[in-house]
1. Using beta carbons and a limit of 6 Å, which pairs, at least six apart or on different chains, have the first residue in the stretch A:203-214 and more than 11 Å from chain B (Cβ to nearest Cβ) and the second one assigned to a helix (DSSP H, G or I) and surrounded by 22 or more Cβ atoms within 10 Å (Cβ to Cβ)?
2. In the set A:184, A:153, which member is farther than 26 Å from residue B:258 by Cβ and without any contact (Cβ under 8 Å) to a residue 40 or more places away in the chain?
3. All but one of (1) within 22 Å of residue B:254 (Cβ to Cβ); (2) buried (at least 24 other Cβ atoms within 10 Å of the Cβ); (3) touching a helix residue (DSSP H, G or I) at 6+ places or on another chain (Cβ under 8 Å) hold for residue B:108; state the number of the condition that does not hold.
4. Applying the selection to the stretch A:111-122, what residues are part of a helix (DSSP H, G or I) and surrounded by 23 or more Cβ atoms within 10 Å (Cβ to Cβ)?
5. Does residue B:285 satisfy being closer than 23 Å to residue A:219 by Cβ and at pLDDT 95 or above?
6. Just a yes or no: is a residue in the stretch A:236-256 more than 14 Å from every other protein chain (Cβ to nearest Cβ), in contact (Cβ under 8 Å) with a residue 60 or more places away in the chain and under 20 Å from the mean Cα position of the chain (by Cα)?
7. So, in the stretch B:249-262, how many residues would count as being under 18 Å from residue B:300 (Cα atoms) and out of contact with any strand residue (DSSP E or B) (no Cβ under 9 Å at 6 or more places or on another chain)?
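The values are calculated or read from the model by the stated rules, or taken from the named source; none is laboratory data. Computed from a predicted structure; not experimentally measured. Here the Cβ positions follow ideal geometry from the backbone for every residue, glycine too, while neighbour counts run over all protein chains shown.
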């Protein structure tokens, strides 16, 4: 294992009914004035928003509600809410929703404690101060509930970039699998694709990878595959929903990257260009990119690809493993071709151009040249 | 998965040379006056103590050194150091050694902030204040470096009990696998036995156990078995040493007990009586207890025992799995019979008596009656 420093102070409140205590949890961290951020009005109609704000009231926490965060969250919304948070004098922010809402909340939390342009934090500068972050997570996928990162799209520049800093760890994350039971089959499989992406980026790209960490990643992937199938057949299977949710958290809370050296996030880099240009769901973009990227990349780390084939699918060769994953994506109905996302040649050209910028800004342009990215996409036709 | 609340704020500094920065880490937590606690004088002769205290000096941290903590650490020593810490006005404690030193440090940390008898914290009372705890861990086994617990023996009453509280999380734990390379083969396999024990207690006894957590535990056990064999052949294999060390931490940092319901620690309860009476190494006692307990317990959770046989050893029946684990203990030379620990009938009678008290105090006497404990030991003859 390579040297590492690690800390993850997020408190997880997991299980049925935990959202009812959000005011209590926030008051334990002395929250007094909160922005309550959400996406679609569904969280109001379902009653969840009311349950949360009732407990804020019960604990004397003042709040202002702001909705309208969309999937592939955008910088303009973040800036709008930063102003609201500053005007309100917020000391904390509660995200009620999926990864998009929480990622936006992280950017708002940093921006509300900063006089400059919050986009600075997406392009090199690191925030050292933020509002206290809390969340009730309604979609298991991004792992944002137990890490320091958030992804936002700058609509003007088409950059879909990340903010990351120790001060962006949520104080308390509520994960109640029951709240995730209404996720549509489409978004369930997009989530599965996102969790698998988080699992494999380091697994395949690392120059050094500890075996114990590989085994933990494999456990996670196998559980995602298994529980996705259970949940497609029976959305109300609580235990499957819970294990799926916890696998999502574990896939990107840092533990699966401990002691790993020399890894990168090419699938994310490429997909971020796709969703920045087309606004496709992140997980749908990933399930198109992943098998294509795997075909293109496999010879650079054959051992890992053969291990993947063996451990995840009981197969032998790198190609068999890649085909099995693609076949599984097809089986559960998440797209694996550009055509399924209505991406024609004209759009693809634009995506490749944006990916090129991403590749440079992410420091990956030595491998991910214009030609390389075009070649990867050629496997997704 | 069952509802859970979870937080683990320990910062891990893992890898080569990390011990040289201990003063820096401690100063980040504003440590000013520290007790430096250790066990054998070997840590002085090896130069490790000097390396650590040099960095304390470099960061202006005053300290007092106290050695002489023994394996199966005792209350009298804890009380002695509590007085030293109080007289010195310590705000922190640095443990340099294995689990015994760190466990003692936790008890001292709580006792130094308390006017009463520290044993209160082992018999029902929970401390809410403690010195800041830091450690450089030289033996991978107990997992104490990333949890809230510590075990100490009251020599007078023969109670080997635990202290546990949120305030006992170490602030920073240094794990440099190189420092663990001088561990003797005996203590390496005792450590392996301890890690396996931490892994299986919940695995076999839980009334409900999430599958993802089972898979993570299985990964841990397989890695311990594999790396123990590598290290017995080549003690200087850094990567194996590192994965062994990290498996030890992961086995008892809380993650393998998330969402698990209705579990207990019978192997530890019984072994604590053995080491309280005979002062045998904890891991050696455990490798005697575990196969015996498994034979006695197997029918109460047949599915888990069959799964264990299959996943860990590629075998089928519960009995085959138990025999395979016992055979592995025999192969790596950790004891599996009472005779190997020189425990005769007279000593055994005393152990059973002490275990009986433990069983009552730990709330396990409904299952672990006098007769049951005697029967378990009958499998270890």
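1. A:203/A:217
2. A:184
3. Answer for residue B:108: the failing condition is (1).
4. Matches in the stretch A:111-122: A:111, A:121, A:122.
5. No; evaluated as a whole, the condition is false for this residue.
6. Initially, the stretch A:236-256 is screened for residues more than 14 Å from every other protein chain (Cβ to nearest Cβ), giving A:236, A:252.
From what is left, the residues that are in contact (Cβ under 8 Å) with a residue 60 or more places away in the chain are A:252.
When the remaining residues are screened for being under 20 Å from the mean Cα position of the chain (by Cα), the result is A:252.
Yes; the residues of the stretch A:236-256 include at least one that is more than 14 Å from every other protein chain (Cβ to nearest Cβ), in contact (Cβ under 8 Å) with a residue 60 or more places away in the chain and under 20 Å from the mean Cα position of the chain (by Cα).
7. Pass one, the stretch B:249-262, residues under 18 Å from residue B:300 (Cα atoms): B:260-262.
Then keep just the ones that are out of contact with any strand residue (DSSP E or B) (no Cβ under 9 Å at 6 or more places or on another chain); that gives none.
So the count comes out to 0.
Rundown of residues vs (1) more than 14 Å from chain B (Cβ to nearest Cβ); (2) touching a helix residue (DSSP H, G or I) at 6+ places or on another chain (Cβ under 6 Å); (3) more than 24 Å from residue B:4 (Cβ to Cβ); (4) at pLDDT 95 or above, yes/no style:
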| site | (1), (2), (3), (4) |
| --- | --- |
| A:152 | yes, yes, yes, yes |
| A:161 | yes, yes, yes, no |
| A:167 | yes, no, yes, yes |
| A:183 | yes, no, no, no |
